[in-house]
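The structure under discussion appears below in the form of structure tokens.
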Amino acid sequence: MRNRSTVPEFFLLGLSADTQIQIPLFVLFLVIYLLTLVGNLLLLLVVKVDRHLHTPMYFFLGQLSFLDLCHSSVTVPKLLENLLSVKKTISVEGCLAQVFFVFATGGTESCLLAVMAYDRYVAISSPLLYGQVMSRQLCAGLVWGSWSLAFLDAFINILVALSLDFCEAQNIHHFVCELPSLYPLSCSDVSASFTTLLCSSVIHFFGNFLLILLSYIRILLTILGISSASGRSKAFSTCSSHLTAVSFFYGSGLLRYLMPNSGSTQELIFSLQYSVITPMLNPLIYSLKNKEVKAAVRKMVRKYVQCLK
């Protein structure tokens, strides 16, 4: 940080200043975080152990579970700490580090959802060539590309944000450090950082959303070309879980970043939705609607019970 940044730390005002509400909130978010860890770790384990799930679709699903673990662990532990502490502080360096990892993991998930949409398009439009087209090398390259692009995007944004000076204001009306929340606190010109954030959001997030939209347009046209009703229903059912996950992620994420930064209740709710709730729901979305995953979980539980006997 530059020498003109005289503020050593920020205050994350969080969700509520009422101590009577903070304890129930701590219990609630602790349960959500534990469910997130258990659900995503279980899904990762099932995909790894069951050979029937060693396909591109479940490879990407395992990557999504790992990403949800990372994204949730960037935000929730600090939220839990602040709900129990009197002085809800975070250092300037720690805040910028959290900004970086929130941006990186969120950007990776955006890319991965676009990759999963393309995977569904190939599976429905060319089922006989699916294994050949979605080769192991291509799948690994798409995943590495998603992580690399997102981390590069986050690095560029945080590099520009390092030039911001923080002189007096210290209160962040949020439970997590996000780049838009830092702009009102800066006593220097934020136009360069804001422009960088705007350009990266348009190119990265809206670009991925456009790719998802194009993939589903092609999927819809392919499904409409299927003659049998059962075939159309089966093809659509393979996309329902992904569509639900996309709706949760982009619905709450876009609404959060399109809203003015005011610390309002709606802003906090949307942030909670995509950073805390969605990582918990994704394993449920993909397991409750997926017969193969449910069968693999039951098989693994039976083996575990037999081992205990």
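Restricting the first member to the stretch 218-233 and to residues that are over 19 Å from residue 116 (Cβ atoms), and the second to residues that are in a helix (DSSP H, G or I), the beta-carbon pairs closer than 6 Å and six or more apart or on different chains are 226/232; 232/223. Only a single criterion out of (1) within 30 Å of residue 219 (Cβ to Cβ); (2) surrounded by fewer than 21 Cβ atoms within 10 Å (Cβ to Cβ); (3) at pLDDT below 90; (4) not β-branched (Val, Ile, Thr) is not satisfied by residue 4, namely (1).
Exactly one residue out of 49, 7, 31 is out of contact with any strand residue (DSSP E or B) (no Cβ under 7 Å at 6 or more places or on another chain), of a type in the set (A, V, I, L, M, F, W, C) and free of Cβ contacts under 8 Å to residues at least 24 places away in the same chain: that is 31. Going by what's in this entry, would residue 98 be described as closer than 20 Å to residue 277 by Cβ, open to solvent by 10 Å² or more (accessible area, probe 1.4 Å), modelled with pLDDT of 90 or more and not small (Gly, Ala, Ser)? Spelling it out, residue 98 is indeed closer than 20 Å to residue 277 by Cβ, open to solvent by 10 Å² or more (accessible area, probe 1.4 Å), modelled with pLDDT of 90 or more and not small (Gly, Ala, Ser). Within the stretch 197-246, the set of residues being among the hydroxyl-bearing types (Ser, Thr, Tyr) and either surrounded by 15 or more Cβ atoms within 10 Å (Cβ to Cβ) or assigned to a helix (DSSP H, G or I) (or both) comprises 200, 201, 215, 216, 222, 230, 233, 237, 238, 240, 241, 244.
Checked against the criterion of being without any contact (Cβ under 8 Å) to a residue 60 or more places away in the chain and either within 24 Å of the chain's Cα centre (by Cα) or on the phi < 0 side of the Ramachandran plot (or both), the candidates 171, 157 yield just one match: 157.
The values are calculated or read from the model by the stated rules, or taken from the named source; none is laboratory data. All values derive from a computational prediction rather than experimental measurement. Every residue, glycine as well, gets a Cβ built from its backbone with ideal geometry; the counts of neighbours run over all protein chains shown. Accessible surface areas use protein heavy atoms only, side chains included; no ligands, DNA or RNA. Shrake-Rupley method; radii C 1.70, N 1.55, O 1.52, S 1.80 Å.
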